Amino acid sequence: MDILVKEDYERLSLAAARLIAQQLRRKPESVLGLATGTTPLGLYRELVRMHREEGLSFARATTFNLDEYYGLAPSDPRSYRRFMEEHLFAHVDVDPARVHLPDGLAPDGEAECARYEQAIAQAGGIDLQVLGIGRNGHIGFNEPGTSLGTTTQVVDLTDETVSVNSRLVQAEIPRRAISMGIKSIMRSHAILLLACGPEKAEIVAKALEGRVTPDLPASILQLHPNLTVLLDREAAAFLSPGEAAAEVREVL
Ligand code: PGA
């Protein structure tokens, strides 16, 4: 595990964008796993800027998002499809045919989950998966208690997640979602975990330094062979001092 601590959110976003740009330049046909939420907003803003100003191209890339609300049309303003269009896809040269999110309107949820797993496998697996972490330690919508062996599945959201996310879009969100499972996430060749702000400090320390347990889904990431963690100083505040201080680097 590589833990990089950046001074603030802007620097964290820039470092994350540089890692993705590096991946795309090394392998233009990369399969990227993408996340929604407030954390990656700065990353997407920076990627759009790099596309406009530095010629960063997504033309040959494939993307898979972690999750989508179950029951929402892609055009629904609360949907993750809309979020991704608004913050990234509409502003870069990604091929819409190679953009994937679970279908929130699929009549048969189980079949949709199987189709999604199949599509990831057919694309050759995910080269680089971007992740945020929920205040309760969820990754994707894998809430505490999710078995570590899950693949894409229909999940029930916790009251906390429903209330945090409803506040974000200022509208009630569905109580169910389709989410890549923990095993699907762990199969990615590389993972980039992003966290910022003081409200993530406690869960970040527990996830990275505590016991690996289904009660804290992000803790499984300790076992991933190619994990990069990018934190701002506030989110890194509760890591053991030696670790955080030793890992402060300006390599990006
Ligand atoms: P956030 O969400 O980026 O809005 O904090 C992260 C998550 O819930 O995974």
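No lab work stands behind these numbers, since they all come straight from the coordinates. In this text, all values refer to a predicted model and were calculated from it rather than measured experimentally. Neighbour counts are summed over all protein chains in view; Cβ atoms, including those assigned to glycine, are modelled from backbone coordinates with ideal geometry.
A few points about this structure:
- Rounded to the nearest 20 debye, dipole of the stretch 46-110 from Cβ charges on Lys, Arg, Asp, Glu: 180 debye
- The string of couplings for the stretch 60-65 from the Karplus curve (6.51, -1.76, 1.60, θ = phi - 60°) is 9, 7, 10, 10, 10, 7 Hz, one whole number per residue in order, with x for Gly and Pro.
- Distance in nm between pseudo-label sites at Ala73 and Ala190 (7 Å out along the Cβ direction from Cα): 3.9 nm
- Among beta bridges identified by DSSP and lying wholly in the stretch 114-252, the antiparallel ones come to about 40 percent.
- Residue with peak Gaussian network fluctuation, the chain [Cα springs, cutoff 10 Å], from Ala35, Ala111, Ala190: Ala111
- The stretch 1-78 pair-distance distribution - Cα-Cα, 5 Å bins, rounded %: 3, 13, 19, 24, 18, 14, 6, 2
- Selected from Thr62, Thr152, Thr38 as most flexible by GNM, with the chain as the system and alpha-carbon contacts under 10 Å: Thr38
- The stretch between Glu86 and Glu209 holds 40.7 nm of extra length on full extension. This uses 0.36 nm per residue minus the Cα-Cα distance.
- Convex hull of the stretch 49-179 built on C-alpha atoms - directionally averaged projected area, nm²: 8.5 nm²
- Per principal axis, descending, Cα span of the chain in whole Å: 51, 42, 35
- Think of the chain as having a plus end and a minus end, set by charges on the Cβ of Lys, Arg, Asp and Glu; of Gly109, His224, Ile203, His224 sits farthest toward the positive end of this dipole.
- For Arg18 and Arg167, the difference between the fully extended length at 0.36 nm per residue and the C-alpha to C-alpha distance is 50.6 nm.
- Under 13 Å, Cβ to Cβ, from Tyr80 - net charge with Lys/Arg +1 and Asp/Glu -1: -3
- Assigned charges on the beta-carbon of Lys, Arg, Asp, Glu; the chain dipole about Cα centre (debye): 460 debye
- Here the stretch 151-219 is treated with +1 on each Lys and Arg Cβ and -1 on each Asp and Glu Cβ, and its dipole about the Cα centre works out to around 280 debye.
- Per-residue 3J(HN,Hα) values for the stretch 68-78, derived from phi via the Karplus relation 6.51 cos²θ - 1.76 cosθ + 1.60 with θ = phi - 60°, read 7, 5, 8, x, 9, 6, x, 7, 5, x, 7 Hz in sequence order (x marks Gly and Pro).
- For the stretch 100-239, the relative contact order comes to 28 percent (Cα pairs under 8 Å, sequence separation of at least 6).
- Remark: the stretch 188-202, residue by residue, has Karplus-estimated 3J(HN,Hα) of 4, 5, 9, 10, 10, 9, 10, 8, 9, x, x, 6, 9, 4, 5 Hz, where x stands for each Gly or Pro and the curve is 6.51 cos²θ - 1.76 cosθ + 1.60 at θ = phi - 60°.
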